[in-house]
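Q: First the structure, then my questions, so here it is.
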There are 2 protein chains.
Amino acid sequence: MRPESSTEAEQVRNIVDRLGYKLILAKMDVKAFAESQKLSQEEAARILRYRFLFQQAKLKDAQAVAVGHTADDQVETVLMHLLRGAGLSGLKGMSYRSLTNEWSQEIALVRPLLGFWRDEIMDYVAKRNFQPILDASNQDTQFFRNKLRHDLIPYLENYNPKLRQLIWRTAEILKEDYNIIDNTITSAWQICILDENERYIAIDPQCLKGQPLGVQRNLLRRAIFKLRPGIRDVDFNTINRAVQFLGSPSKNSQLDLTAGLRLLLEEKKLWLTSWEAALPNQDWPQLDLGTELGLHIPGKVNLANGWQLIAKNVSNAKFQKRQAITNDDPFQVWIDFDCLRLPIQIRTRQSGDRFQPFGLKGHSKKISDLMVDLKIPQRARAGWPLLCSDEQIVWVPGIQLAYPYRIKDKTINITHLKLKRG
Amino acid sequence: MRPESSTEAEQVRNIVDRLGYKLILAKMDVKAFAESQKLSQEEAARILRYRFLFQQAKLKDAQAVAVGHTADDQVETVLMHLLRGAGLSGLKGMSYRSLTNEWSQEIALVRPLLGFWRDEIMDYVAKRNFQPILDASNQDTQFFRNKLRHDLIPYLENYNPKLRQLIWRTAEILKEDYNIIDNTITSAWQICILDENERYIAIDPQCLKGQPLGVQRNLLRRAIFKLRPGIRDVDFNTINRAVQFLGSPSKNSQLDLTAGLRLLLEEKKLWLTSWEAALPNQDWPQLDLGTELGLHIPGKVNLANGWQLIAKNVSNAKFQKRQAITNDDPFQVWIDFDCLRLPIQIRTRQSGDRFQPFGLKGHSKKISDLMVDLKIPQRARAGWPLLCSDEQIVWVPGIQLAYPYRIKDKTINITHLKLKRG
């Protein structure tokens, strides 16, 4: 990026050789990387630099990567975040030690000079007659950070000559405040997160809704960072959209969130996941796609996720007694045995599948429409088990019995079907 | 403060009369108040204004005082706090509704216009042909806030044209973050605060030390605001001094904190109190100053705070058996009955009191020095009960027995003295 960088690298090599240390040098095409990733050159250089450092640290089994940020850099970082509208996580600035950080879960990023002002360091360097290499691009005010350094901070010092110290100290206080919030979020995480891995995080929506707004926001922020440790910041609008989505009444809806992540709101789970990730279906009865099973009466059949379908004949007396109790389990049904051709076939839906829902008394409806109407989660529809007899759909478990198979006055033999989870 | 204010008041009266409302007008000497209180005129006017408003609200049994702060005022407030080095409690800006506030515990301070920009309000006013009264002093950039409004914010908008919206939104987020911290402090308060009233707050120092640094800071800040609801802000150095003092090893030391408050660190209590407040002495045996009691053997005497002094004779056998167990209760002692002249006198210290501590084997020491050495809390020293016989000090309960009264080989009759709390 700068023509003088090779000469500078040689100067560094001389120093390192004299001290008996080892220098590892790498050359990378920042411009190409910036273009391909649609990043500013500054940001592209930052990413390549840190990737290289952490890659080397890993190779050498190092415990930490040390970088030279000063107290002045801290002040600039805080102001930069303020001007970009970051919340507390930005305003608290950089840390002396970060683990985990956006580059590694194992190797710490340390900033031993964060408590020293640039002037103090330059004094130290001058007193010892060191010959520092000064990066001329630090003077170039076309870079946002440099403009801040050379224009904004001197301007703000007209308002308060102690501005830099104040901002630095504010970051120190906010860091501790942020720790309190972080602890609170860790507690909320333990009760609200149902399942998590590197592909998805399943949140209990009722639990999250019961938390204070600040906890909701920070928990969602943490969830995003868990799945996307590399992203630098999550802006307010993203978090706000997520919070609003959580409160939306529509079930099985999705929201394109940020960085290739979506939110999927189901009755009992709010999923944060990448678009391409396959989510587990263990909450519902499912059949492996393309398989077909036969069910005898009496008989049992095992489905995926520990679900079992049980069929048995019951006496009319027992049925009458049972009917007196309201059937609030959508996964059991009583049907007219003599309308069935055995064995009952269990299969997944096929295009054009229709059936006559009990509630519509003879009118037929498309299975796919019914699934939408009755809010079967979209990702569970393809594997949903359908019970058929003679190519006719008898029962869509969890939803409706087909009208022709209902118990009639003249019904003689009654079959009880029940789907249950082991 | 402004020559035009009387004319303006008349204009307001006309409007109010036309609407059929009532105007209450007051005139105050801001300059004199500013001088007497050593405040800026701006700050003095603010205090007099709010005092008047809340005083009137109380007289009229009003539920709230409404003021006209706009979204622009919010942005200015946040930036002002940033430039003055406030932490989260400043950066979160003003609230739509504050109860309690620095003026009242019962009457809310509400800011219904906080979500509207000044431009929106001026548009509204123009569309309805209202004739607003504009305060010319709002243009005067000698006031810090006006300088911010007319110089700083336009300057910062060069860096980010959406700056005002960003800062406003940041305040909204920080308010929710602050709520999380506030809830955490409320929980910590319940376990760390031993006693509180309007004169003092007693904190369990071990409990407070066990909290994260951010909790320590915010809890101490809350304690200060509880005793001094009127103060506008507590700066970082004050809080930091308090936290450092909490960690100091010296017992019974004091720290002049802020706003006439001191911290007093005792073995089991950290007191935050005004300098002049008398603290309760209920933790120690105390005698009302100037009283003198007589103790017979066997006998009992009641002291203040539920303490009781009990004397009885014990057999040598029982004493020998008891001695086999280490006496780790400094409030009991065995003495040579035959050295005593009865009744034992119980009195408080007198100037020049000396005695021969058991540990020094015959050498005498000033009672006052001994109390300092053995860390008797300063405020408990004057009322500390001393047991005397024939004007000689026999025992300083909690500290030392006098050497001449010890059990010797030739001792025949043994007296057991015990001080206990009911």
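Q: Would you confirm whether any residue within the stretch B:265-286 is more than 14 Å from every other protein chain (Cβ to nearest Cβ), among the polar types (S, T, N, Q) and within 11 Å of the chain's Cα centre (by Cα)?
A: Yes: one or more hits.
Q: Out of the stretch A:95-112, which residues are within 27 Å of B:K92 (Cβ to Cβ) and free of Cβ contacts under 8 Å to residues at least 40 places away in the same chain?
A: Answer for the stretch A:95-112, where residues must be within 27 Å of B:K92 (Cβ to Cβ) and free of Cβ contacts under 8 Å to residues at least 40 places away in the same chain: A:Y96, A:S98.
Q: Still on this structure, please answer the following. Tell me which residues, restricted to the stretch A:24-34, are within 27 Å of the chain's Cα centre (by Cα) and over 24 Å from A:K58 (Cβ atoms).
A: Once the filter is applied, which keeps residues that are within 27 Å of the chain's Cα centre (by Cα) and over 24 Å from A:K58 (Cβ atoms), the stretch A:24-34 yields only A:A34.
Q: In addition: Pairs under 6 Å by beta carbon, first residue at positive phi in the stretch A:389-404, partner open to solvent by 50 Å² or more (accessible area, probe 1.4 Å) and not in a strand (DSSP E or B), six or more apart or different chains?
A: Partner pairs satisfying both residue conditions: A:D390/A:R341; A:G398/A:P330.
Q: Taking B:K312, is it in contact with a Pro (Cβ under 9 Å, 6 or more places away or on another chain), at pLDDT 80 or above, of a type outside the set (A, V, I, L, M) and not in a loop (DSSP other than H, G, I, E, B)? Break it down stepwise before answering.
A: On the way: in contact with a Pro (Cβ under 9 Å, 6 or more places away or on another chain): yes; at pLDDT 80 or above: yes; of a type outside the set (A, V, I, L, M): yes; not in a loop (DSSP other than H, G, I, E, B): yes.
In short, yes.
Q: OK, next. Looking only at the stretch A:75-94, count how many residues are facing another protein chain (nearest Cβ under 10 Å), small (G, A, S) and open to solvent by less than 20 Å² (accessible area, probe 1.4 Å).
A: Adding up the residues that qualify gives 4.
Q: Please verify whether A:G362 is touching a helix residue (DSSP H, G or I) at 6+ places or on another chain (Cβ under 6 Å), open to solvent by 30 Å² or more (accessible area, probe 1.4 Å), part of a loop (DSSP other than H, G, I, E, B) and small (G, A, S), treating the condition exactly as stated. If you could, list the steps in order and put the result at the bottom.
A: On the way: touching a helix residue (DSSP H, G or I) at 6+ places or on another chain (Cβ under 6 Å): yes; open to solvent by 30 Å² or more (accessible area, probe 1.4 Å): yes; part of a loop (DSSP other than H, G, I, E, B): yes; small (G, A, S): yes.
So A:G362 passes the test.
Q: Would you call B:R97 open to solvent by 30 Å² or more (accessible area, probe 1.4 Å) and either at pLDDT below 95 or out of contact with any helix residue (DSSP H, G or I) (no Cβ under 7 Å at 6 or more places or on another chain) (or both)?
A: Yes.
Q: Among the residues of the stretch A:201-226, which ones are within 11 Å of chain B (Cβ to nearest Cβ), more than 17 Å from the chain's Cα centre (by Cα) and either among the hydroxyl-bearing types (S, T, Y) or open to solvent by 20 Å² or more (accessible area, probe 1.4 Å) (or both)?
A: A:Q211, A:P212, A:L213
Q: So B:I181 fits all but one of (1) more than 8 Å from every other protein chain (Cβ to nearest Cβ); (2) touching a residue at least 60 places away in the same chain (Cβ under 8 Å); what number is the exception?
A: B:I181 satisfies every listed condition except (1).
Q: Within the stretch B:146-155, does at least one residue satisfy the condition of being within 14 Å of chain A (Cβ to nearest Cβ), surrounded by fewer than 19 Cβ atoms within 10 Å (Cβ to Cβ), touching a Phe, Trp or Tyr at 6+ places or on another chain (Cβ under 8 Å) and basic (K, R)? Step through it out loud before you land on a result.
A: If we filter the stretch B:146-155 for residues that are within 14 Å of chain A (Cβ to nearest Cβ), which is where we start, we get B:146-155.
Now drop any that are not surrounded by fewer than 19 Cβ atoms within 10 Å (Cβ to Cβ), which leaves B:146-147, B:150-151, B:153-155.
So of that shortlist, the ones also touching a Phe, Trp or Tyr at 6+ places or on another chain (Cβ under 8 Å) come out as B:147, B:155.
Adding the requirement that they be basic (K, R) leaves B:147.
Checked the stretch B:146-155: at least one residue is within 14 Å of chain A (Cβ to nearest Cβ), surrounded by fewer than 19 Cβ atoms within 10 Å (Cβ to Cβ), touching a Phe, Trp or Tyr at 6+ places or on another chain (Cβ under 8 Å) and basic (K, R).
Q: Additional query: I'm trying to understand the selection: among the residues of the stretch B:270-288, which are farther than 27 Å from B:T415 by Cα and surrounded by fewer than 19 Cβ atoms within 10 Å (Cβ to Cβ)?
A: B:S274, B:W275, B:E276, B:A277, B:A278, B:L279, B:P280, B:N281, B:Q282
Q: Among the numbered criteria (1) part of a loop (DSSP other than H, G, I, E, B); (2) farther than 21 Å from B:Y50 by Cβ, which one does B:N237 miss?
A: B:N237 satisfies every listed condition except (1).
Q: Here's another thing I want to ask about it. Evaluate the following for A:P298: is it in contact (Cβ under 8 Å) with a residue 12 or more places away in the chain and open to solvent by 70 Å² or more (accessible area, probe 1.4 Å)?
A: Yes, satisfied.
Q: Could you check the stretch A:403-422 and list, in sequence order, the residues that are out of contact with any helix residue (DSSP H, G or I) (no Cβ under 7 Å at 6 or more places or on another chain) and crowded, with 19+ Cβ neighbours inside 10 Å?
A: A:H416, A:L417, A:L419
Q: May I ask you to list pairs of residues, at least six apart or on different chains, whose Cβ atoms are under 7 Å apart, with the first in the stretch B:260-280 being at positive phi and the second being surrounded by fewer than 20 Cβ atoms within 10 Å (Cβ to Cβ)?
A: Once the first residue is at positive phi and sits in the stretch B:260-280, its partners that are surrounded by fewer than 20 Cβ atoms within 10 Å (Cβ to Cβ) give B:G260/B:S274; B:G260/B:W275.
Q: If I filter the stretch B:251-269 down to residues being open to solvent by 30 Å² or more (accessible area, probe 1.4 Å) and either polar (S, T, N, Q) or over 16 Å from B:R199 (Cα atoms) (or both), which single residue comes out as modelled with the highest pLDDT?
A: B:L255
Q: State all residues of the stretch B:268-309 that are charged (D, E, K, R) and in a loop (DSSP other than H, G, I, E, B); if no residue qualifies, say none.
A: Within the stretch B:268-309, B:K268, B:K269, B:E276, B:D283, B:D288, B:E292 qualify.
Q: Something else about it: Taking the condition more than 29 Å from B:D235 (Cβ to Cβ), away from every other protein chain (no Cβ under 14 Å) and in contact (Cβ under 8 Å) with a residue 24 or more places away in the chain, does B:A136 pass?
A: It is true that B:A136 is more than 29 Å from B:D235 (Cβ to Cβ), away from every other protein chain (no Cβ under 14 Å) and in contact (Cβ under 8 Å) with a residue 24 or more places away in the chain.
Q: Continuing with this model, one more query. Out of B:L79, B:L19, B:L59, which single residue is closer than 30 Å to B:E172 by Cα and either out of contact with any Pro (no Cβ under 7 Å at 6 or more places or on another chain) or modelled with pLDDT of 95 or more (or both)?
A: One residue alone meets the criteria, B:L79.
Q: Let me confirm something: among A:S89, A:S137, which residue is part of a helix (DSSP H, G or I), within 26 Å of B:S89 (Cα to Cα) and polar (S, T, N, Q)?
A: Numbers: A:S137 fails: within 26 Å of B:S89 (Cα to Cα).
Going through A:S89, A:S137 in turn, the sole match is A:S89.
Q: Answer with yes or no whether B:L166 is in contact with a Leu (Cβ under 7 Å, 6 or more places away or on another chain) and part of a helix (DSSP H, G or I).
A: no
Q: Further question on the same structure: Residues of the stretch A:164-177 being within 8 Å of chain B (Cβ to nearest Cβ) and either in contact with a strand residue (DSSP E or B) (Cβ under 8 Å, 6 or more places away or on another chain) or surrounded by 21 or more Cβ atoms within 10 Å (Cβ to Cβ) (or both), which ones?
A: Those that are within 8 Å of chain B (Cβ to nearest Cβ) and either in contact with a strand residue (DSSP E or B) (Cβ under 8 Å, 6 or more places away or on another chain) or surrounded by 21 or more Cβ atoms within 10 Å (Cβ to Cβ) (or both): A:I167, A:T170, A:I173, A:L174, A:D177.
Q: Checking A:P161 against (1) within 29 Å of A:A223 (Cα to Cα); (2) modelled with pLDDT under 95; (3) open to solvent by 30 Å² or more (accessible area, probe 1.4 Å), which single condition isn't satisfied?
A: Single failed check for A:P161: (1).
Q: Still on this structure, I have one more. If a residue has to be touching a Leu at 6+ places or on another chain (Cβ under 9 Å), assigned to a loop (DSSP other than H, G, I, E, B) and of a type in the set (D, E, K, R) to count, how many in the stretch B:335-359 make the cut?
A: Residues meeting the conditions: 2.
Q: Are any residues in the stretch A:104-145 open to solvent by 70 Å² or more (accessible area, probe 1.4 Å) and in contact with a helix residue (DSSP H, G or I) (Cβ under 7 Å, 6 or more places away or on another chain), and if so, which ones?
A: Correct list: A:F116, A:Q139.
Q: Read through the list (1) farther than 29 Å from B:L163 by Cβ; (2) touching a strand residue (DSSP E or B) at 6+ places or on another chain (Cβ under 9 Å), then give the number of the only condition that B:V16 fails.
A: Every condition holds for B:V16 apart from (2).
Q: Could you tell me which residue of the stretch B:336-348 is surrounded by the most Cβ atoms within 10 Å (Cβ to Cβ), considering only residues that are closer than 23 Å to B:L289 by Cα and at pLDDT 90 or above?
A: B:I344
The values are calculated or read from the model by the stated rules, or taken from the named source; none is laboratory data. The shown structure was predicted, so the numbers you read here are calculated from the model rather than taken from an experiment. Note that we place each Cβ from the backbone using ideal geometry, even for glycine, and neighbour counts take in every protein chain shown. These area figures cover heavy atoms from the full protein model, side chains too; ligands, DNA and RNA do not enter into them. Shrake-Rupley method; radii C 1.70, N 1.55, O 1.52, S 1.80 Å.
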